[in-house]
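Student: Below: one structure in structure tokens.
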There are 2 protein chains.
Amino acid sequence: MNYIKIFAPATVANVSCGFDSLGFAIDNVGDTMTFEKTKEKGVRITAITGAELPFDVTKNAAGVVALAMLKKHPVDFGITISIHKGYAPGSGLGSSAASAGGAAFGVNALLGNPFSNLALTQFAMLGEEATCGSPIADNVSAAIYGGFVLVRSYTPLDIVSLPVPSELRLVAIHPQVEVKTKDARDVLPKEIPLKSAVTQWANVGGLISGLYSDNYELISNSLTDIIVEPVRKKLIPHFDSVKKAAIEAGALGAGISGSGPTIFALCRGNEVAKEVYKAIKETYQETGIDFHMIQSEINTQGIQILEQN
Amino acid sequence: MNYIKIFAPATVANVSCGFDSLGFAIDNVGDTMTFEKTKEKGVRITAITGAELPFDVTKNAAGVVALAMLKKHPVDFGITISIHKGYAPGSGLGSSAASAGGAAFGVNALLGNPFSNLALTQFAMLGEEATCGSPIADNVSAAIYGGFVLVRSYTPLDIVSLPVPSELRLVAIHPQVEVKTKDARDVLPKEIPLKSAVTQWANVGGLISGLYSDNYELISNSLTDIIVEPVRKKLIPHFDSVKKAAIEAGALGAGISGSGPTIFALCRGNEVAKEVYKAIKETYQETGIDFHMIQSEINTQGIQILEQN
């Protein structure tokens, strides 16, 4: 194979109770990337559209990943990468993770697929580290594995693929405001009451049980976050109104995607998702803040091959 | 029905990472109880064998439960209860929960089964409150539902039945020492680092995922507790040696049952369980402390009817 074109999905991490552990992939939002073998060795980024990102491969998430993979698996050819960002960085939908995960997948294909999904996740985490400052795994693993994922452990890295109930749908709103990663981190409590932690992990258990048993009521009841959402929602204008509108319109639950500002809602079925979409849109139209909306199935495939030769 | 004889299983609560949320029932250890209709109204305890417990129905876990049920569901007959404790109170194996859950089940049968398992759990929690000081649900729900249970929420009470992989076996050791509930509570941290909480809930997610997917490796990796075990194990003589011996003999994991002093180990299959039993036994024989050992399947039925007429 000399050439591959892929779609790398956007992802929702920190799914309510599952802060720093649970993520899932979105079906119709993401990056389109191409990877081509070249005679000249090394990695080059030849095109970036849809967002302003560095062409310097040591600073670009995709470039960092590709370099690390070629270092680990030396070959006698080079690779050029083109990136079309399908959505904005800084949205809370794992933008750097899509590029990093996409690069891991695309480069692996040109190398003849020597690496497992777990290894690809580890490479992609280097891209996260280079662009976000820490090697978080929830977005990149969701992009690579697809569906719902649980980052059970970092040492050693252990990614658990979780089932996706077939009627589960996503609605999300990306208000066009900036939430600085530093601010989102600074508001996090260093210590939390044991009692709150118990409540939270019981809900993590409930959510995962609900995913396995197609129990939408259990999923709905478990989609709560009493630890991170209460402190981070202050950084997102009108979070409470959006969540309230989503729930009243029938959403199973709603929360902050990643560290925001995107707010996600999970719904059962397309009809409910449509209503939730409408309710959130109407709520935000009154605020005067620009926004972008998403309605999607859950991506269960992970990164998809669009073309190859 | 005028008479029913039942078996109410012992239970393991606080299953490693699942402090205050996860429990399971044991197949071959528990209380045998009888319930009989009488002309004379009210509740009387006519026999208690196997342990020293109060006959006063307002102080006995089973009595408290029966009284509350008859108050909620008045009838024109009375009930006598006999209790044969199959294991010692204060073991950390849900002794009061077995009596309380058994009473809820037995009385419900004599009443014509008006109450759901969830309602029975709520009644049984009153027995826990009367004898242990707090209305905890993990042991009583495990006894009533059988198998693994997740106490997802207390307000409202939500019990989630989890699947039990068929090869899962229990080995437990009950050292004949007293762990005072107050001491076990006093050592608990009020606050914990958010980072530790994330690690813990990721393991709760992994454990539950492992139960659903029959993934013994995942169960094993998830059976860790970085929050409660490190502080409570100091109250249990030779905890570390027992855990080490169990893991080295092939156990999937080991931890404190309830608030101790019983130490449980989960194993895959009878052969491994035998080895683990032997290893733990040999370890404890050297300590000079008396102990009692258990090897059992996981009880998947909950409370069992032995006789009725």
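Student: Pairs needed: first member in the range B:160-177, at pLDDT 95 or above; second member anywhere, assigned to a loop (DSSP other than H, G, I, E, B) and aromatic (Phe, Trp, Tyr); C-beta distance under 9 Å; at least 6 residues apart or different chains.
Tutor: From residues that are at pLDDT 95 or above, the pairs are B:His174/B:Tyr87.
Student: If we keep just the residues of the range A:132-163 that are of a type in the set (Ser, Thr, Tyr) and buried (at least 21 other Cβ atoms within 10 Å of the Cβ), which is farthest from A:Gly260 (Cα to Cα)? Walk me through how you get there before you give the answer.
Tutor: Step one: list which residues in the range A:132-163 are of a type in the set (Ser, Thr, Tyr), which gives A:134, A:141, A:145, A:153-155, A:161.
Now drop any that are not buried (at least 21 other Cβ atoms within 10 Å of the Cβ), which leaves A:141, A:145.
Numbers: A:Ser141: 19, A:Tyr145: 22 Å.
Result: A:Tyr145.
Student: Okay, moving on. Could you grab the pairs with beta carbons closer than 8 Å, sequence gap of 6+ or different chains, first residue in the range A:7-20 and away from chain B (no Cβ under 12 Å) and buried (at least 24 other Cβ atoms within 10 Å of the Cβ), second one aromatic (Phe, Trp, Tyr) and assigned to a strand (DSSP E or B)?
Tutor: A:Thr11/A:Phe24; A:Val12/A:Phe24; A:Val12/A:Phe264
Student: May I ask you to list the residues in the range B:37-57 that are of a type in the set (D, E, K, R) and buried (at least 18 other Cβ atoms within 10 Å of the Cβ)? Working first, answer last.
Tutor: Taking the range B:37-57 and keeping what is of a type in the set (D, E, K, R), we get B:37, B:39-41, B:44, B:52, B:56.
Correct list: empty.
Student: Could you say which residue among B:Ser141, B:Ser99, B:Ser153, B:Ser161 is part of a strand (DSSP E or B), of a type in the set (S, T, N, Q), under 22 Å from B:Phe7 (Cα atoms) and touching a Gly at 6+ places or on another chain (Cβ under 8 Å)?
Tutor: B:Ser161
Student: Next up: Here's a check for you: in the range B:187-232, which residue that is closer than 19 Å to B:Ile263 by Cα and not hydrophobic (A, V, I, L, M, F, W, C) is surrounded by the fewest Cβ atoms within 10 Å (Cβ to Cβ)?
Tutor: B:Pro230
Student: A further question on this structure: Given (1) in contact with an Asp or Glu (Cβ under 6 Å, 6 or more places away or on another chain); (2) closer than 29 Å to B:Asp20 by Cβ; (3) among the hydrophobic types (A, V, I, L, M, F, W, C), where does A:Ala98 come up short, assuming only one miss?
Tutor: A:Ala98 satisfies all of (1) in contact with an Asp or Glu (Cβ under 6 Å, 6 or more places away or on another chain); (2) closer than 29 Å to B:Asp20 by Cβ; (3) among the hydrophobic types (A, V, I, L, M, F, W, C) except (2).
Student: For the range A:164-186, name all the residues that are assigned to a helix (DSSP H, G or I) and either exposed (fewer than 15 other Cβ atoms within 10 Å of the Cβ) or among the hydroxyl-bearing types (Ser, Thr, Tyr) (or both). So that I can check it myself, show each step before the final result.
Tutor: Here is the first cut: in the range A:164-186, the ones assigned to a helix (DSSP H, G or I) are A:181-186.
Those that are assigned to a helix (DSSP H, G or I) and either exposed (fewer than 15 other Cβ atoms within 10 Å of the Cβ) or among the hydroxyl-bearing types (Ser, Thr, Tyr) (or both): A:Thr181, A:Lys182, A:Asp183, A:Arg185, A:Asp186.
Student: For the range B:175-214, give me each residue that is farther than 30 Å from B:Ile289 by Cα and small (Gly, Ala, Ser).
Tutor: Selection gives B:Ser196, B:Ala197, B:Ala202, B:Gly205, B:Gly206, B:Ser209, B:Gly210, B:Ser213.
Student: Taking A:Lys72 as meeting all but one of (1) open to solvent by less than 60 Å² (accessible area, probe 1.4 Å); (2) on the phi < 0 side of the Ramachandran plot, write down the number of the exception.
Tutor: Going through (1) open to solvent by less than 60 Å² (accessible area, probe 1.4 Å); (2) on the phi < 0 side of the Ramachandran plot one by one, A:Lys72 breaks only (1).
Student: Those residues that are part of a helix (DSSP H, G or I), more than 7 Å from chain A (Cβ to nearest Cβ), aliphatic (A, V, I, L, M) and more than 19 Å from A:Thr155 (Cβ to Cβ), I need them from the range B:187-214; list them, please.
Tutor: Initially, the range B:187-214 is screened for residues part of a helix (DSSP H, G or I), giving B:194-213.
When the remaining residues are screened for being more than 7 Å from chain A (Cβ to nearest Cβ), the result is B:195-196, B:199, B:207, B:210-211, B:213.
Remaining after also requiring aliphatic (A, V, I, L, M): B:207, B:211.
Matches in the range B:187-214: B:Leu211 only.
Student: Would you mind telling me which numbered condition in (1) of a type in the set (Phe, Trp, Tyr); (2) open to solvent by less than 30 Å² (accessible area, probe 1.4 Å); (3) part of a loop (DSSP other than H, G, I, E, B) A:Phe123 fails?
Tutor: (3)
Student: Follow-up. Given the conditions (1) in contact (Cβ under 8 Å) with a residue 12 or more places away in the chain; (2) open to solvent by 50 Å² or more (accessible area, probe 1.4 Å), which single one is not true for A:Asn113?
Tutor: Status for A:Asn113: all satisfied but (1).
Student: Then there's this: Scanning for something within 11 Å of chain B (Cβ to nearest Cβ) and in contact with a Lys or Arg (Cβ under 8 Å, 6 or more places away or on another chain), does the range A:161-183 turn up at least one residue?
Tutor: no
Student: If you go through the range A:264-280 one residue at a time, do you hit one that is under 14 Å from A:Gln295 (Cβ atoms), without any contact (Cβ under 8 Å) to a residue 40 or more places away in the chain and open to solvent by less than 40 Å² (accessible area, probe 1.4 Å)?
Tutor: Yes; the residues of the range A:264-280 include at least one that is under 14 Å from A:Gln295 (Cβ atoms), without any contact (Cβ under 8 Å) to a residue 40 or more places away in the chain and open to solvent by less than 40 Å² (accessible area, probe 1.4 Å).
Student: Turning to a different aspect of this structure: Looking at the range B:21-36, which of its residues are surrounded by 22 or more Cβ atoms within 10 Å (Cβ to Cβ) and of a type outside the set (Phe, Trp, Tyr)? So that I can check it myself, show each step before the final result.
Tutor: Let us first name the residues in the range B:21-36 that are surrounded by 22 or more Cβ atoms within 10 Å (Cβ to Cβ), namely B:21-26, B:29-31, B:33, B:35.
Within the range B:21-36, B:Ser21, B:Leu22, B:Gly23, B:Ala25, B:Ile26, B:Val29, B:Gly30, B:Asp31, B:Met33 meet the criteria.
Student: For the structure I just gave you, tell me whether A:Leu218 is among the hydrophobic types (A, V, I, L, M, F, W, C) and more than 9 Å from chain B (Cβ to nearest Cβ).
Tutor: Spelling it out, it is not the case that A:Leu218 is among the hydrophobic types (A, V, I, L, M, F, W, C) and more than 9 Å from chain B (Cβ to nearest Cβ).
The values are calculated or read from the model by the stated rules, or taken from the named source; none is laboratory data. In this text the structure is predicted, and so the values were computed from the model without any measurement. Methodologically, a virtual Cβ is constructed for each residue, glycine included, from the backbone with ideal geometry; neighbour enumeration extends over all protein chains shown. Heavy atoms of the whole protein, side chains included, go into the accessibility calculation; ligands, DNA and RNA do not. Shrake-Rupley method; radii C 1.70, N 1.55, O 1.52, S 1.80 Å.
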